[in-house]
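Q: Would you mind keeping the following structure in view while I ask a few things?
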Amino acid sequence: MYAKTIRMLKRKIGEGMEVRKILEQVKNNEISMEDAEKYFKRQPFEELGYAKLDSHREIRSGFPEVVFCSGKPEEYLISIYQKLYELNGEVFGTRASKEQYERVRQGLPEVVYDEISHILKVEGKKKKQSGNIAVCTAGTADIPVAEEAAQTAEYFGSYVERIYDVGVSGIHRLLAKMEVLQKANCIIAVAGMEGALATVIGGLVSKPVIAVPTSVGYGANMHGLSALLTMINSCANGVAVVNIDNGYGAGYIATQINQLAIV
């Protein structure tokens with residue numbers, strides 16, 4: 001019951017509710033004085049020994065803490081997921097393996113796993129998806145990174161249009177989707193090989209383009225370095241670049257841009 005009250009208070013503070021209004025709820029018997037007191041006294045993180053979960057991150061930034069699953073011992077990961085679910089009523093993680101999913105599911109049956117994006121999550125109530133983000137890939141091999149971006153944005157409440165396999169080697173495929181691109185509040189361009197897709201899109205639209213280089217490509221691609229350098233050196237205006245294969249980072253930034261556009 002206490003954890004549920006904490007989640008409610010966090011949501012309200014995240015929406016701009018002032019301390020005075022919390023006190024007014026106590027006055028109106030909507031929440032108990034004891035629960036409000038416990039909330040204000042608690043430290044801004046949950047100490048697990050091997051992890052300090054940032055329970056106030058959503059209050060500060062508008063987004064709750066996300067778990068990077070790769071490399072975490074399974075016992076730690078299970079405990080982290082259970083505690084975040086207790087605090088927030090949902091939890092989102094990236095770069096999870098199928099084996100990690102099977103272990104986490106034993107302690108948290110609600111968790112679901114996407115084998116393409118490697119996202120491991122429990123969602124609360126169905127979210128309203130607002131605004132418009134377009135996620136594009138140069139090729140089908142780039143889709144795992146693109147899905148990490150798209151599903152991150154959707155989890156944080158953005159509406160996403162997917163436009164896959166529209167690389168510059170067949171540019172007519174991209175041009176056929178211009179109406180969709182031009183309606184978006186921002187665009188995520190995911191590409192490996194030489195990474196030219198972001199520059200081409202940047203020259204065709206008036207909205208911000210977030211370029212995501214991927215490690216897809218042959219030897220001289222150097223595991224995404226060639227695409228990264230191409231994107232950093234883009235001659236198109238309005239193109240920003242995240243790290244190689246960082247779909248999560250792109251989805252997060254795109255959501256921030258999208259929220260500003262729909263305010």
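The values are calculated or read from the model by the stated rules, or taken from the named source; none is laboratory data. Keep in mind the model is a prediction, meaning the values are calculated, not measured. Virtual Cβ from ideal backbone geometry, glycine too; neighbours counted across all protein chains shown. Please note that ligands, DNA and RNA were not included when accessible areas were found on the heavy atoms of the full protein model with its side chains. Shrake-Rupley method; radii C 1.70, N 1.55, O 1.52, S 1.80 Å.
Q: Looking at 117, 130, which one is among the polar types (S, T, N, Q), at negative phi and open to solvent by less than 20 Å² (accessible area, probe 1.4 Å)?
A: 117
Q: In region 231-251, how many residues are open to solvent by 50 Å² or more (accessible area, probe 1.4 Å) and assigned to a helix (DSSP H, G or I)?
A: 2
Q: Which ones in region 24-44 are modelled with pLDDT of 70 or more and closer than 16 Å to residue 65 by Cα?
A: Selection gives 44 alone.
Q: Given the options 110, 58, 147, name the one that is closer than 26 Å to residue 187 by Cα and either in a loop (DSSP other than H, G, I, E, B) or in contact with a Pro (Cβ under 7 Å, 6 or more places away or on another chain) (or both).
A: Only one candidate passes the filter, namely 58.
Q: Please determine, by comparing only the residues of region 80-96 that are open to solvent by less than 40 Å² (accessible area, probe 1.4 Å) and not in a helix (DSSP H, G or I), which one is modelled with the lowest pLDDT.
A: Top of the filtered list is 89.
Q: Separate question: Quick check on this structure: which one of 116, 171 is modelled with pLDDT of 95 or more, within 25 Å of residue 222 (Cα to Cα) and either not in a helix (DSSP H, G or I) or not hydroxyl-bearing (Ser, Thr, Tyr) (or both)?
A: When all the criteria are applied, what remains is 116.
Q: May I ask you to list pairs of residues, at least six apart or on different chains, whose Cβ atoms are under 6 Å apart, with the first in region 142-154 being farther than 18 Å from residue 97 by Cα and the second being in a helix (DSSP H, G or I)?
A: Listed by first residue and then by second, the contacts come to 153/251; 153/254; 153/255.
Q: Moving to a separate point now. Can you tell me how many residues within region 151-175 are more than 19 Å from residue 202 (Cα to Cα) and among the aliphatic types (A, V, I, L, M)?
A: Summing the residues that are more than 19 Å from residue 202 (Cα to Cα) and among the aliphatic types (A, V, I, L, M) in region 151-175 gives 1.
Q: When only residues in region 217-230 that are buried (at least 16 other Cβ atoms within 10 Å of the Cβ) and not polar (S, T, N, Q) count, which is farthest from residue 199 (Cα to Cα)?
A: Here the residue is 223.
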